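The structure under discussion appears below in the form of structure tokens.
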Amino acid sequence: MEVNVGSMVDRRRAGRGVRRRRGAAVVETAIVLPIAIMLILGVFDFSRVIAMRQVLQNAAKDGGRYAVVRAVDATTTDGQVIQYVQGYLAGVQGQLQGFVSSRDIQVFKADPATGANIGSWKDAGFGEYIGVRISGTMKLAVLKQVTLTVQSTQYSEAN
């Protein structure tokens, strides 16, 4: 009766290699998984910031249009324009930390060159500009927080 010792040794060596390989896979996973999760959360956060910026920009544009159309009407107040913009932001205001509409939504007469606030939007006459600026801070998973500021400046058609 012959016993092939070489094949038994080969089987033992093959078994050790599989165990070593399993250990290496666990270590590789432990290294790669946190990086992959951070990357996925970063993409998610970036997408949220882009979407929020778009909503804020649309709200500022519509608020500016609301103010431009009502610039002639002496009864329209800053509060009404702010309330209009706030209505546009109703679904997303909760994502902005410490958002106070009377502080973070501004309606003003704008400098045509710089867009800077140069007075009350009610003083904007024909050919001048009315601006709406919205600011807010978003809390994120990876980047901690991002402050967004958008502004829309529109041509006044008041007489």
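Just so it is clear, none of the values below were taken in a lab; they were calculated from the coordinates. These numbers were taken from a predicted model, which means no experiment stands behind them. Methodologically, a virtual Cβ is constructed for each residue, glycine included, from the backbone with ideal geometry; neighbour enumeration extends over all protein chains shown.
Residues of the range 65-108 that are assigned to a helix (DSSP H, G or I), of a type in the set (Ser, Thr, Tyr) and over 15 Å from Arg53 (Cβ atoms): Tyr66, Tyr84, Ser101, Ser102. Scanning the range 70-91 for residues that are hydrophobic (A, V, I, L, M, F, W, C), loosely packed, with under 15 Cβ neighbours inside 10 Å and free of Cβ contacts under 8 Å to residues at least 60 places away in the same chain yields Ala74, Ala90. So which residues in the range 94-106 are crowded, with 16+ Cβ neighbours inside 10 Å and either within 12 Å of Ser135 (Cα to Cα) or touching a residue at least 60 places away in the same chain (Cβ under 8 Å) (or both)? Within the range 94-106, Leu96, Phe99, Asp104, Ile105, Gln106 qualify.
When the residues of the range 109-159 are filtered to those that are part of a loop (DSSP other than H, G, I, E, B) and aliphatic (A, V, I, L, M), the one that is surrounded by the most Cβ atoms within 10 Å (Cβ to Cβ) is Ala124. Contact annotation: residue pairs with Cβ atoms under 6 Å, 6 or more positions apart or on different chains, pairing a residue in the range 118-141 that is more than 20 Å from Val100 (Cα to Cα) with a partner that is of a type in the set (Asp, Glu), are Ile118/Asp111; Ala141/Asp45.
Filtered by the rule that a residue be farther than 15 Å from Met52 by Cα and among the polar types (S, T, N, Q), the range 140-154 gives Ser152, Thr153, Gln154. Residues in the range 99-116 that are acidic (Asp, Glu) and either under 20 Å from Ala59 (Cβ atoms) or touching a His at 6+ places or on another chain (Cβ under 6 Å) (or both): 1 in all.
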